[in-house]
Each structure stands twice: as structure tokens, then as C-alpha cells.
Amino acid sequence: MKMIMAIVPRKYGDDVLSALINAGFTATYSETRGGMLRQSQLTLYIAVRSSEVQTALNLITDSCNEIESIHHGYGLHVDCEPHMENEAAPLGKSSAVVFIWTLDKFQVG
């Protein structure tokens with residue numbers, strides 16, 4: 001399992017949520033503010049199977065397309081995954097910032 005944390009501009013938040021839900025994903029989200037201009041954003045947390053990560057990223061990318069790349073963060077534990085470069089990934093145009101973690105344990109309840 002992977003945890004995707006996507007930070008998207010508020011103006012794209014509803015589109016991203018709708019795309020994820022229509023594709024069968026679930027997301028927890030909160031409204032956040034940050035950056036120099038204190039712009040409103042939506043921070044989404046999406047737990048997905050490892051095999052579904054690219055599908056979720058494509059939905060996020062397609063739903064908000066303004067800037068040149070999506071950025072990936074390092075995993076929580078470096079020894080869990082092969083080395084991941086923290087460079088912009090050429091995934092098209094997007095105004096989202098995305099971090100992906102490996103979930104060592106997943107528990108409901």
C-alpha cells in the first residue's frame with residue numbers, strides 16, 4: 001500500500017476529488033493555506049494499492065493542469081524502497097504537489 005498526499009489549488013480541489021471518486025478511490029482531505037501568498041489549497045490523503053499509484057497520479061494530473069510537473073517526496077523509510085530521486089517527474093502539466101509514502105502497516109478501526 002502507498003499513501004499519496006496531494007496538495008492542489010482550491011480551484012481544482014472539487015475536480016480532483018470527483019475524478020478520484022468516479023474512479024473508485026477514496027480520499028480524506030482538509031483545506032490548507034500556505035506559501036508566500038497564503039493561497040488556499042486542498043490537501044488530499046489517498047491510500048492506494050502499489051499497482052494503482054500511476055492511475056491516481058494520472059487522475060490528479062488530468063484534473064489540474066497549470067504548472068510543469070508533479071513532485072514526488074521521499075518515502076518515510078529509505079530502506080523500504082529503492083532510492084527515489086526527489087526530482088520533478090515528467091508527468092505532463094499539473095499544479096499539484098504530490099508526496100508518496102510506503103505504508104508499513106494499514107489498519108482500519
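The values are calculated or read from the model by the stated rules, or taken from the named source; none is laboratory data. This one's a predicted model, so the numbers in the text were calculated from it and none came from an experiment. Note that we place each Cβ from the backbone using ideal geometry, even for glycine, and neighbour counts take in every protein chain shown.
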Quiz prompt | Among (1) modelled with pLDDT under 90; (2) more than 20 Å from VAL108 (Cβ to Cβ), the one test that SER18 misses | solution = (1)
Quiz item: Within the range 44-57, can you find the residues that are part of a strand (DSSP E or B) and either acidic (Asp, Glu) or within 17 Å of GLY13 (Cα to Cα) (or both)?
Solution: LEU44, TYR45, ILE46
Quiz item: Tally time: how many residues in the range 1-43 are assigned to a loop (DSSP other than H, G, I, E, B) and in contact (Cβ under 8 Å) with a residue 24 or more places away in the chain?
Solution: 3
Quiz item: Any idea which of ASP79, ASP62 is farther than 17 Å from ALA6 by Cβ, assigned to a helix (DSSP H, G or I) and either over 14 Å from the mean Cα position of the chain (by Cα) or modelled with pLDDT under 90 (or both)?
Solution: ASP79
Quiz item: Before we move on, is SER40 in contact with a Ser or Thr (Cβ under 9 Å, 6 or more places away or on another chain), surrounded by 12 or more Cβ atoms within 10 Å (Cβ to Cβ) and at pLDDT below 75?
Solution: no
